[in-house]
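Following: one structure in structure tokens, then a few remarks.
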Amino acid sequence: MQHISLLALPSCLTTSISLPLEILNAANELARIRNRKQAPLTIDIVGEKIGPIVTAGGLSVMSTATPATIRQTDLLILPSLWRNPMATIRQQQWLLPWLSRVADQGTIICAVGTSSFFLAEAELLKHKPATTHWYYFDAFEKRYPDVELKRQHLITQADSIFCAGSVNSIADLIVHLVADQYGQKIARQVEGQFSPEIRRAFGEHAFSQRDNSPHKDEIVVEAQEYLQQNYASPLRISGLADQLELSHRSFNRRFKKAAGITAADYLQNHRLHVARELLRTSNLSVSEIAAQCGYQDNSYFCLRFKIKMGQTPLSYRQSVRGKLFKIT
């Protein structure tokens with residue numbers, strides 16, 4: 001993911017361009033510190049014509065490219081539109097053929113807020129999940145009945161096409177893409193710099209088209225449910241395999257094939273997810289949280305948490321709760 005395109009339109013919200021740009025630049029800089037061979041990002045602000053574009057808030061953004069000058073791009077971000085998006089769509093019809101072209105090239109496309117209307121207008125969301133700004137749910141559903149509008153999800157994924165219902169949600173989505181590109185450690189570092197107190201993991205509020213076709217292995221489903229229900233207890237994966245009447249080797253191979261990760265990693269991820277929520281929302285001590293999440297060794301818990309999140313449990317708690325205050 002080296003070439004990034006950000007669309008700028010006269011009626012767009014500047015933050016829906018600037019925030020993803022800043023997160024991606026921060027991640028790339030961290031990656032280059034770790035690896036000098038990591039190439040810098042190539043970033044283009046795309047408009048109908050090259051030159052200044054005055055956005056909805058009155059800020060001027062300089063367009064550096066047009067669809068005709070971009071042969072191929074790895075990531076395209078469409079900004080949220082101010083007020084009723086249909087007026088902008090009628091004025092910006094030049095955009096639709098380009099969206100179809102980049103989609104055919106396999107470009108990752110992320111639509112923020114009401115820019116999902118552009119994707120639907122270009123027929124890129126037909127029979128696919130999508131979301132948009134909540135205020136325009138009814139209008140979206142009425143105009144595009146063939147699109148599977150997900151009102152309960154702030155992020156949707158249909159192959160390489162993502163929709164985020166708000167600017168906060170695009171931040172969560174970009175952190176997810178950063179993790180895919182640069183790894184979890186850099187993603188957690190970047191997350192810590194961009195309001196961690198409001199961040200939510202991508203999987204917590206995203207709908208993926210893959211959710212419609214989960215794996216069909218009932219044994220693995222049973223194992224996943226067991227791990228979710230018993231994560232706080234001391235567990236041995238080999239004991240779970242015995243319980244399911246499978247050899248340890250066969251169970252691990254079957255679990256990874258169905259779920260994409262080993263059962264041990266699945267358990268570890270779930271425990272750390274619960275720990276993160278307890279650090280954010282409870283006053284339990286770190287050692288109490290470790291015990292409640294199934295860790296008998298507090299030092300080991302702190303080590304695993306730091307590997308996953310890029311900071312210690314105590315540092316994480318301070319960062320996500322640093323803006324809490326009392327009204328007197």
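The values are calculated or read from the model by the stated rules, or taken from the named source; none is laboratory data. For clarity, every value in this text was computed on a predicted model and none was experimentally measured. Methodologically, a virtual Cβ is constructed for each residue, glycine included, from the backbone with ideal geometry; neighbour enumeration extends over all protein chains shown.
Restricting attention to the stretch 102-120, does a residue exist that is β-branched (Val, Ile, Thr) and farther than 25 Å from Val175 by Cβ?
Within the stretch 102-120, none of the residues are β-branched (Val, Ile, Thr) and farther than 25 Å from Val175 by Cβ.
For the stretch 292-303: of the residues being touching a residue at least 12 places away in the same chain (Cβ under 8 Å) and surrounded by fewer than 19 Cβ atoms within 10 Å (Cβ to Cβ), which is nearest to Phe194 (Cα to Cα)?
Looking at the filtered set, the residue picked out is Cys302.
Would you tally the residues in the stretch 205-244 being more than 27 Å from Gln296 (Cα to Cα) and either surrounded by fewer than 13 Cβ atoms within 10 Å (Cβ to Cβ) or modelled with pLDDT under 85 (or both)?
14
Is it the case that the stretch 236-249 has a residue that's hydrophobic (A, V, I, L, M, F, W, C), closer than 30 Å to Ser160 by Cα and part of a helix (DSSP H, G or I)?
no
Given the criterion at pLDDT 95 or above and either surrounded by fewer than 18 Cβ atoms within 10 Å (Cβ to Cβ) or within 16 Å of Trp98 (Cα to Cα) (or both), identify the matching residue among Pro40, Pro67.
Within the list Pro40, Pro67, the selection yields Pro67.
How many residues, within the stretch 270-283, are surrounded by fewer than 13 Cβ atoms within 10 Å (Cβ to Cβ) and touching a helix residue (DSSP H, G or I) at 6+ places or on another chain (Cβ under 8 Å)?
1
Out of all the residues in the stretch 257-286, which are free of Cβ contacts under 8 Å to residues at least 24 places away in the same chain and touching a Phe, Trp or Tyr at 6+ places or on another chain (Cβ under 6 Å)?
none
For the stretch 137-169, which positions are modelled with pLDDT of 95 or more, surrounded by fewer than 15 Cβ atoms within 10 Å (Cβ to Cβ) and within 19 Å of the chain's Cα centre (by Cα)?
Hits for the stretch 137-169: nothing passes.
Going through Leu173, Leu119, Leu125, Leu76 one at a time, which residue ends up being in a loop (DSSP other than H, G, I, E, B) and surrounded by 19 or more Cβ atoms within 10 Å (Cβ to Cβ)?
Just one listed residue meets the conditions, Leu125.
Filter the stretch 103-116 down to the residues that are out of contact with any strand residue (DSSP E or B) (no Cβ under 6 Å at 6 or more places or on another chain) and surrounded by fewer than 22 Cβ atoms within 10 Å (Cβ to Cβ) and list them by number.
Within the stretch 103-116, Ala103, Asp104, Gln105, Gly106 meet the criteria.
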